[in-house]
There are 2 protein chains.
Amino acid sequence: MKTNPPHTYVHGYSRREARRLLDQAQTLTDLLHHDTGYPAGCRVLEAGCGIGAQTVTLAGKSPGALITSIDLSEGSLAEAEARVKASGNRNVSFLQADICALPFADGTFDHIFVCFVLEHLPDPVSALVRLRRVLKPGGTITVIEGDHGSAYFSPDSDAARKAISCLVSLQKEKGGNALIGRELYPLLSEAGFRDVTVSPRMVYVDASRPELVEGFTKQTFTAMVEGVRDEALKRGLIGEAEWDQGIRDLYRTCEPDGTFCYTFFKGIGVK
Amino acid sequence: MKTNPPHTYVHGYSRREARRLLDQAQTLTDLLHHDTGYPAGCRVLEAGCGIGAQTVTLAGKSPGALITSIDLSEGSLAEAEARVKASGNRNVSFLQADICALPFADGTFDHIFVCFVLEHLPDPVSALVRLRRVLKPGGTITVIEGDHGSAYFSPDSDAARKAISCLVSLQKEKGGNALIGRELYPLLSEAGFRDVTVSPRMVYVDASRPELVEGFTKQTFTAMVEGVRDEALKRGLIGEAEWDQGIRDLYRTCEPDGTFCYTFFKGIGVK
């Protein structure tokens, strides 16, 4: 498996991207994490913590657990550490490390947590196998991923679907897989985990849920698609007029008669 | 709004179709109806009961309610009546009637239930307006619909997606809308209902859920797509080789490493 250097992260490392990740984390916390929690005293590895958007939730929901959060990017780690410190949580230690070359002995951790990471890796099964090595027998791995092919909306729009497919294509070119959510069950199974259970977490947005219209459809999903505009145009994946129409059509789904659907997948496996 | 005569029902009236509807009803009962129930003594209209696949559940879950089930097709009504009688439920009366010309006075019913019907109507808002007339003020309407654009799976397959799109196209030609699930909120709102709430009911299938692999992916969804093979080929919507590949690919998602996703939508509005 190749190392996945920071510069290939499809969403980039801008300030706007950081804000998007935080908006996303806050809006989706309950949906994704209402059932995330680890007992006091156990050792938990968060693999790929990024800027700590999920780390704050993880630490807050498992105040007695000893969490080790790793990431490839030093800059992201520093931001994550500052964010966790500001949140008042004191149960997280940070370490720059590569999922593909984990600096831990076999069976170091009671549990492993991986959120929005596998989608960026060229060989997710290999990453899961390496993570499994540092998990104790009987310990669990929890994996959360989105799936951009799960996005559909009203009014429907060919241009919007094509703009989304540009993001999928660019992520694929970088060795990732933006349609990975639907694959968690086979991936965890192939990596040797047992008792694998996958539960979809669907975000359904209509005008009766204004916080999701703003926090998810606009600030999270559409902002994420907009983030690859220049690259999509430069690579000739789509024409400028069609791109702009697609983005307008995504915003159109935020009107009072619009709806938007997207699904995250949470998978748990046992070693 | 035009009448929607029985011969335009996209799935036809064959024995296999009847079996498919029953398999579907049994597999999905909990997902769709765990929260369907009406108090004793109230009058409930089931609009478009078909062969009674949902009627048996409706009657069983609301044993004290007085249910009136209507349908356009005499043949379907006879079958529905026999099925409900066989189930031991005695709280349903059947009547041949058109949703677009309801033979009831204003405010006749406390609640209305409509399942897998609006998708076949050329003007669902008009139908909802007509149903609203026969509802008492303060009464509720419950609408359940699927959305074939919500189907995605692993392994992904262009041919399978194209086969599904044939069903969507054929239903559209007949005046229906196979992508209606995502539109329930705006449709109910436009028809004048208030306090509209829509909840998606996602069916997620992997090898750990063999009853859904068999009962949903194979017997319900893929069987439904297969049902329009001759018409899709006759209309030149797809080539025979590609169609057959698409169907094979849908069955391929039933292998141990496959997954399948589909979402129903349940909407409730108040008069």
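The values are calculated or read from the model by the stated rules, or taken from the named source; none is laboratory data. The structure displayed is predicted, hence computed values, not measured ones. Cβ sites come from the backbone with ideal geometry, for glycine too, and all protein chains shown count toward neighbours. For the accessible areas, the whole protein counts, side chains as well, though only heavy atoms, and no ligand, DNA or RNA atoms are used. Shrake-Rupley method; radii C 1.70, N 1.55, O 1.52, S 1.80 Å.
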Exercise. Restrict the check to segment B:112-124 and report whether at least one residue is within 17 Å of B:G267 (Cα to Cα), touching a Ser or Thr at 6+ places or on another chain (Cβ under 6 Å) and buried (at least 23 other Cβ atoms within 10 Å of the Cβ).
Key: yes
Quiz item: Which number in (1) of a type in the set (A, V, I, L, M); (2) without any contact (Cβ under 8 Å) to a residue 12 or more places away in the chain; (3) crowded, with 22+ Cβ neighbours inside 10 Å marks the one condition that A:I51 misses?
Solution: (2)
Quiz item: Looking at B:R194, is it within 12 Å of chain A (Cβ to nearest Cβ) and either open to solvent by 50 Å² or more (accessible area, probe 1.4 Å) or closer than 30 Å to B:V129 by Cβ (or both)?
Solution: yes
Exercise. Can you work out which of the residues in segment B:55-90 that are open to solvent by 20 Å² or more (accessible area, probe 1.4 Å) and assigned to a loop (DSSP other than H, G, I, E, B) is farthest from B:D30 (Cα to Cα)?
Key: B:L72
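Working only within segment B:204-217, note down all residues that are more than 9 Å from chain A (Cβ to nearest Cβ) and open to solvent by less than 40 Å² (accessible area, probe 1.4 Å). Steps first, answer last, please.
Keep residues of segment B:204-217 that are more than 9 Å from chain A (Cβ to nearest Cβ), which gives B:205, B:209-217.
Those that are more than 9 Å from chain A (Cβ to nearest Cβ) and open to solvent by less than 40 Å² (accessible area, probe 1.4 Å): B:V205, B:L212, B:V213, B:G215, B:F216, B:T217.
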Exercise. Check whether at least one residue in segment A:230-238 is under 18 Å from the mean Cα position of the chain (by Cα) and either within 18 Å of A:E119 (Cβ to Cβ) or not hydrophobic (A, V, I, L, M, F, W, C) (or both), and report yes or no.
Key: no
Quiz item: Within the group B:E255, B:E242, which residue is closer than 30 Å to B:L32 by Cα, of a type in the set (D, E, K, R) and either part of a helix (DSSP H, G or I) or open to solvent by 10 Å² or more (accessible area, probe 1.4 Å) (or both)?
Solution: B:E255
Quiz prompt | Single residue of A:I268, A:I247 found to be touching a residue at least 40 places away in the same chain (Cβ under 8 Å) and open to solvent by less than 40 Å² (accessible area, probe 1.4 Å) | solution = A:I247
Quiz item: Here are some conditions: (1) part of a helix (DSSP H, G or I); (2) closer than 28 Å to A:S126 by Cα. A:P200 meets all but one. Which one does it not meet?
Solution: (1)
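Which residues, counting only those in segment A:179-188, are facing chain B (nearest Cβ under 7 Å), in a helix (DSSP H, G or I) and touching a Gly at 6+ places or on another chain (Cβ under 9 Å)? Don't jump to the end; show me each part of the working.
As a first pass, look at segment A:179-188 and keep what is facing chain B (nearest Cβ under 7 Å): A:179, A:182-183, A:185-186.
Now restrict to residues that are in a helix (DSSP H, G or I): A:182-183, A:185-186.
Residues satisfying the conditions are A:R182, A:Y185, A:P186.
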Self-check item: Residues of segment B:141-151 satisfying the condition of being away from chain A (no Cβ under 12 Å) and not β-branched (V, I, T)
Solution: B:E145, B:G146
Self-check item: Condition check for A:E231: touching an Asp or Glu at 6+ places or on another chain (Cβ under 9 Å) and either over 25 Å from A:A207 (Cβ atoms) or buried (at least 16 other Cβ atoms within 10 Å of the Cβ) (or both)
Solution: no
Quiz item: Considering B:G175, B:G138, which residue is more than 26 Å from B:G37 (Cβ to Cβ), open to solvent by 10 Å² or more (accessible area, probe 1.4 Å), away from chain A (no Cβ under 14 Å) and modelled with pLDDT of 95 or more?
Solution: B:G175
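Do you know which of the residues in segment A:152-172 that are open to solvent by 40 Å² or more (accessible area, probe 1.4 Å) and in a helix (DSSP H, G or I) is nearest to the other protein chains (Cβ to nearest Cβ)?
A:R161
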Practice problem: Would you be able to say whether some residue in segment A:102-111 is out of contact with any Asp or Glu (no Cβ under 8 Å at 6 or more places or on another chain), open to solvent by less than 10 Å² (accessible area, probe 1.4 Å) and either assigned to a helix (DSSP H, G or I) or among the basic types (K, R) (or both)? | Solution: no
